[in-house]
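To start, the structure under review is shown below, and the notes come after it.
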Amino acid sequence: MKTTRSGPAAFTGFLLLDLVVPLASYYVLRTLGAAIWTALLAGAALPMLRLGASLLRQRRVSRTSLFSLALITVGTAVGLMTADARLLMARESYLTGVVGGWFLLSLLWPRPLVFTGTVGFMPQPAAEAWHRSWEISETFRGAMRGMTWGFGLAFLVDAAARVVMSYTLPLDLVPVASVVLLAIMLTIVVQMGKAWGRSRMRHLTEAPR
(Lines give C-alpha, C1' and ligand atoms only; values in the text may rest on other atoms or scores of the structure.)
Protein backbone atom coordinates (compact mmCIF):
# COMPACT_ATOMS: atom_id res chain seq x y z
CA MET A 1 0.00 0.00 0.00
CA LYS A 2 1.31 3.44 -0.92
CA THR A 3 2.02 5.73 2.03
CA THR A 4 2.60 9.42 2.07
CA ARG A 5 4.52 11.33 4.67
CA SER A 6 2.40 13.90 6.44
CA GLY A 7 2.28 16.01 9.54
CA PRO A 8 5.49 16.53 11.52
CA ALA A 9 7.48 14.11 9.32
CA ALA A 10 6.64 16.00 6.13
CA PHE A 11 7.34 19.40 7.70
CA THR A 12 10.63 18.18 9.17
CA GLY A 13 11.64 16.85 5.76
CA PHE A 14 10.79 20.20 4.21
CA LEU A 15 12.93 22.07 6.76
CA LEU A 16 15.87 19.72 6.32
CA LEU A 17 15.86 19.61 2.51
CA ASP A 18 14.91 23.21 1.80
CA LEU A 19 16.73 25.07 4.58
CA VAL A 20 19.21 23.04 6.62
CA VAL A 21 20.83 20.94 3.89
CA PRO A 22 21.34 23.83 1.40
CA LEU A 23 22.80 25.98 4.17
CA ALA A 24 25.10 23.19 5.36
CA SER A 25 26.16 22.39 1.80
CA TYR A 26 27.08 26.04 1.25
CA TYR A 27 29.48 26.09 4.19
CA VAL A 28 30.89 22.63 3.44
CA LEU A 29 31.65 23.67 -0.14
CA ARG A 30 33.15 26.96 1.02
CA THR A 31 35.37 25.07 3.47
CA LEU A 32 36.51 22.85 0.60
CA GLY A 33 37.49 25.95 -1.37
CA ALA A 34 34.50 26.39 -3.65
CA ALA A 35 33.63 29.87 -4.88
CA ILE A 36 30.61 31.64 -3.38
CA TRP A 37 28.80 31.43 -6.74
CA THR A 38 29.30 27.64 -6.92
CA ALA A 39 28.33 27.03 -3.29
CA LEU A 40 25.11 29.04 -3.55
CA LEU A 41 23.89 27.43 -6.75
CA ALA A 42 24.73 23.93 -5.52
CA GLY A 43 22.54 24.52 -2.47
CA ALA A 44 19.68 25.81 -4.62
CA ALA A 45 19.74 22.61 -6.69
CA LEU A 46 18.70 20.44 -3.73
CA PRO A 47 15.21 21.94 -3.16
CA MET A 48 14.68 21.92 -6.93
CA LEU A 49 15.41 18.19 -7.07
CA ARG A 50 13.09 17.55 -4.12
CA LEU A 51 10.21 19.44 -5.70
CA GLY A 52 10.78 17.80 -9.08
CA ALA A 53 10.76 14.32 -7.52
CA SER A 54 7.61 15.18 -5.55
CA LEU A 55 5.80 16.33 -8.68
CA LEU A 56 6.76 13.15 -10.52
CA ARG A 57 5.74 10.92 -7.60
CA GLN A 58 2.38 12.55 -6.97
CA ARG A 59 1.67 13.11 -10.69
CA ARG A 60 -0.15 16.31 -9.92
CA VAL A 61 0.92 19.91 -9.59
CA SER A 62 -0.36 21.84 -6.59
CA ARG A 63 -0.36 25.62 -6.73
CA THR A 64 2.12 25.80 -3.83
CA SER A 65 4.57 23.28 -5.33
CA LEU A 66 4.47 24.94 -8.72
CA PHE A 67 5.11 28.34 -7.18
CA SER A 68 8.02 27.03 -5.09
CA LEU A 69 9.58 25.36 -8.13
CA ALA A 70 9.19 28.55 -10.15
CA LEU A 71 10.90 30.60 -7.43
CA ILE A 72 13.87 28.26 -7.24
CA THR A 73 14.15 28.13 -11.03
CA VAL A 74 14.10 31.91 -11.34
CA GLY A 75 16.61 32.28 -8.51
CA THR A 76 18.96 29.80 -10.16
CA ALA A 77 18.59 31.55 -13.52
CA VAL A 78 19.50 34.88 -11.91
CA GLY A 79 22.53 33.21 -10.37
CA LEU A 80 23.67 31.91 -13.75
CA MET A 81 23.46 35.40 -15.25
CA THR A 82 25.69 37.21 -12.76
CA ALA A 83 29.13 36.80 -11.25
CA ASP A 84 28.56 39.54 -8.66
CA ALA A 85 28.64 37.72 -5.31
CA ARG A 86 26.66 40.38 -3.44
CA LEU A 87 24.00 40.55 -6.14
CA LEU A 88 23.83 36.77 -6.00
CA MET A 89 23.29 36.91 -2.23
CA ALA A 90 20.65 39.61 -2.65
CA ARG A 91 18.70 37.49 -5.15
CA GLU A 92 17.07 35.78 -2.17
CA SER A 93 15.44 39.10 -1.31
CA TYR A 94 13.67 39.17 -4.65
CA LEU A 95 12.33 35.68 -4.03
CA THR A 96 11.10 36.38 -0.49
CA GLY A 97 9.55 39.63 -1.75
CA VAL A 98 7.59 37.67 -4.35
CA VAL A 99 6.59 35.15 -1.67
CA GLY A 100 5.29 37.99 0.48
CA GLY A 101 3.25 39.32 -2.44
CA TRP A 102 1.97 35.80 -3.13
CA PHE A 103 0.73 35.45 0.45
CA LEU A 104 -1.11 38.75 0.23
CA LEU A 105 -2.53 37.89 -3.19
CA SER A 106 -3.84 34.60 -1.82
CA LEU A 107 -6.25 36.58 0.37
CA LEU A 108 -8.30 36.92 -2.81
CA TRP A 109 -8.53 33.13 -3.20
CA PRO A 110 -11.36 31.06 -1.69
CA ARG A 111 -8.85 29.89 0.96
CA PRO A 112 -5.61 31.77 1.78
CA LEU A 113 -2.12 30.38 1.45
CA VAL A 114 -1.58 29.76 5.17
CA PHE A 115 -4.52 27.36 5.08
CA THR A 116 -3.72 25.57 1.82
CA GLY A 117 0.01 25.40 2.53
CA THR A 118 -0.39 24.07 6.07
CA VAL A 119 -2.99 21.44 5.22
CA GLY A 120 -0.50 19.85 2.82
CA PHE A 121 1.78 18.95 5.75
CA MET A 122 -0.94 17.55 8.00
CA PRO A 123 -2.12 13.97 8.54
CA GLN A 124 -5.40 13.20 6.78
CA PRO A 125 -7.63 13.32 9.90
CA ALA A 126 -6.20 16.68 11.00
CA ALA A 127 -6.50 18.08 7.47
CA GLU A 128 -10.14 17.04 7.34
CA ALA A 129 -10.75 18.73 10.71
CA TRP A 130 -9.23 21.93 9.32
CA HIS A 131 -11.51 21.79 6.30
CA ARG A 132 -14.52 21.37 8.59
CA SER A 133 -13.35 24.25 10.80
CA TRP A 134 -13.03 26.45 7.74
CA GLU A 135 -16.63 25.72 6.80
CA ILE A 136 -18.19 26.32 10.20
CA SER A 137 -15.96 28.72 12.15
CA GLU A 138 -15.64 32.40 11.36
CA THR A 139 -12.96 32.63 14.09
CA PHE A 140 -10.89 29.98 12.33
CA ARG A 141 -11.25 31.70 8.97
CA GLY A 142 -10.28 35.00 10.55
CA ALA A 143 -7.18 33.44 12.11
CA MET A 144 -6.11 31.96 8.77
CA ARG A 145 -6.56 35.29 7.00
CA GLY A 146 -4.81 37.18 9.80
CA MET A 147 -1.81 34.85 9.70
CA THR A 148 -1.70 35.16 5.92
CA TRP A 149 -1.48 38.95 6.31
CA GLY A 150 1.27 38.43 8.88
CA PHE A 151 3.29 36.07 6.72
CA GLY A 152 2.95 38.32 3.70
CA LEU A 153 4.19 41.40 5.55
CA ALA A 154 6.94 39.39 7.27
CA PHE A 155 8.30 38.17 3.94
CA LEU A 156 8.28 41.71 2.55
CA VAL A 157 10.23 42.96 5.58
CA ASP A 158 12.54 39.96 5.20
CA ALA A 159 13.18 40.91 1.57
CA ALA A 160 14.21 44.44 2.51
CA ALA A 161 16.43 43.15 5.34
CA ARG A 162 18.16 40.67 3.01
CA VAL A 163 19.17 43.47 0.63
CA VAL A 164 20.70 45.40 3.53
CA MET A 165 22.52 42.30 4.84
CA SER A 166 23.79 41.32 1.39
CA TYR A 167 25.53 44.66 0.91
CA THR A 168 26.73 45.31 4.48
CA LEU A 169 27.66 41.97 6.11
CA PRO A 170 30.66 39.77 5.28
CA LEU A 171 29.54 37.55 2.41
CA ASP A 172 29.91 34.21 4.20
CA LEU A 173 27.78 35.48 7.07
CA VAL A 174 24.81 36.37 4.85
CA PRO A 175 23.36 32.84 4.27
CA VAL A 176 23.15 31.91 7.95
CA ALA A 177 21.96 35.41 8.92
CA SER A 178 19.19 35.13 6.32
CA VAL A 179 18.00 31.76 7.63
CA VAL A 180 18.07 32.98 11.24
CA LEU A 181 16.13 36.12 10.28
CA LEU A 182 13.50 34.09 8.43
CA ALA A 183 13.14 31.60 11.30
CA ILE A 184 12.68 34.40 13.85
CA MET A 185 10.12 36.24 11.74
CA LEU A 186 8.08 33.12 10.96
CA THR A 187 8.11 32.09 14.62
CA ILE A 188 6.84 35.52 15.65
CA VAL A 189 4.05 35.43 13.06
CA VAL A 190 2.96 31.89 14.01
CA GLN A 191 2.93 32.61 17.73
CA MET A 192 1.07 35.90 17.24
CA GLY A 193 -1.47 34.11 15.03
CA LYS A 194 -2.02 31.41 17.66
CA ALA A 195 -2.39 34.00 20.42
CA TRP A 196 -4.87 35.97 18.33
CA GLY A 197 -6.89 32.85 17.57
CA ARG A 198 -7.01 31.84 21.26
CA SER A 199 -8.02 35.36 22.22
CA ARG A 200 -10.87 35.39 19.67
CA MET A 201 -12.07 31.97 20.80
CA ARG A 202 -11.98 32.98 24.47
CA HIS A 203 -13.87 36.18 23.67
CA LEU A 204 -16.59 34.21 21.88
CA THR A 205 -16.97 31.66 24.67
CA GLU A 206 -17.12 34.34 27.38
CA ALA A 207 -19.56 36.59 25.49
CA PRO A 208 -23.06 36.81 27.05
CA ARG A 209 -25.64 34.68 25.31
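What the table below lists for this structure:
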{"read-out": "Of the criteria (1) within 13 Å of the chain's Cα centre (by Cα); (2) open to solvent by 30 Å² or more (accessible area, probe 1.4 Å), which one LEU173 fails", "value": "(1)"}
{"read-out": "Failed criterion for VAL157 (all others in (1) within 22 Å of ASP84 (Cβ to Cβ); (2) β-branched (Val, Ile, Thr); (3) touching a residue at least 24 places away in the same chain (Cβ under 8 Å) hold)", "value": "(1)"}
{"read-out": "Pairs where the first residue, in the range 89-108, is more than 20 Å from LEU41 (Cβ to Cβ) and crowded, with 18+ Cβ neighbours inside 10 Å and the second is among the β-branched types (Val, Ile, Thr) and modelled with pLDDT of 80 or more, C-beta under 7 Å, 6+ apart", "value": "PHE103/THR148; SER106/THR148"}
{"read-out": "Some residue of the range 190-197 being of a type in the set (Lys, Arg), part of a helix (DSSP H, G or I) and at pLDDT 90 or above", "value": "no"}
{"read-out": "Residue pairs meeting the criteria (Cβ under 7 Å; at least 6 apart or on separate chains; first modelled with pLDDT under 85, in the range 139-152; second outside any helix (DSSP H, G or I))", "value": "none"}
{"read-out": "THR148 vs. criteria among the polar types (S, T, N, Q) and over 17 Å from the mean Cα position of the chain (by Cα)", "value": "no"}
{"read-out": "Among residues of the range 154-170, those that are open to solvent by 40 Å² or more (accessible area, probe 1.4 Å) and assigned to a helix (DSSP H, G or I), counted", "value": "7"}
{"read-out": "For ARG200: the one exception among (1) loosely packed, with under 15 Cβ neighbours inside 10 Å; (2) modelled with pLDDT under 90", "value": "(1)"}
{"read-out": "Every pair of residues 6+ apart whose Cβ atoms lie under 8 Å, when the first sits in the range 115-132 and is over 17 Å from PHE151 (Cβ atoms) and open to solvent by 70 Å² or more (accessible area, probe 1.4 Å) while the second is among the acidic types (Asp, Glu) and in a helix (DSSP H, G or I)", "value": "none"}
{"read-out": "Residue that is most open to solvent (accessible area, probe 1.4 Å) [pool: residues in the range 25-39 that are modelled with pLDDT of 85 or more and not in a helix (DSSP H, G or I)]", "value": "LEU32"}
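The values are calculated or read from the model by the stated rules, or taken from the named source; none is laboratory data. This is a predicted model, so every value here is computed, not measured. FYI the Cβ positions are ideal-geometry reconstructions off the backbone, even for glycines, and counts take in every protein chain you see. Each accessible area value is taken on the protein alone, full model and side chains, heavy atoms only, with ligands, DNA and RNA left out. Shrake-Rupley method; radii C 1.70, N 1.55, O 1.52, S 1.80 Å.
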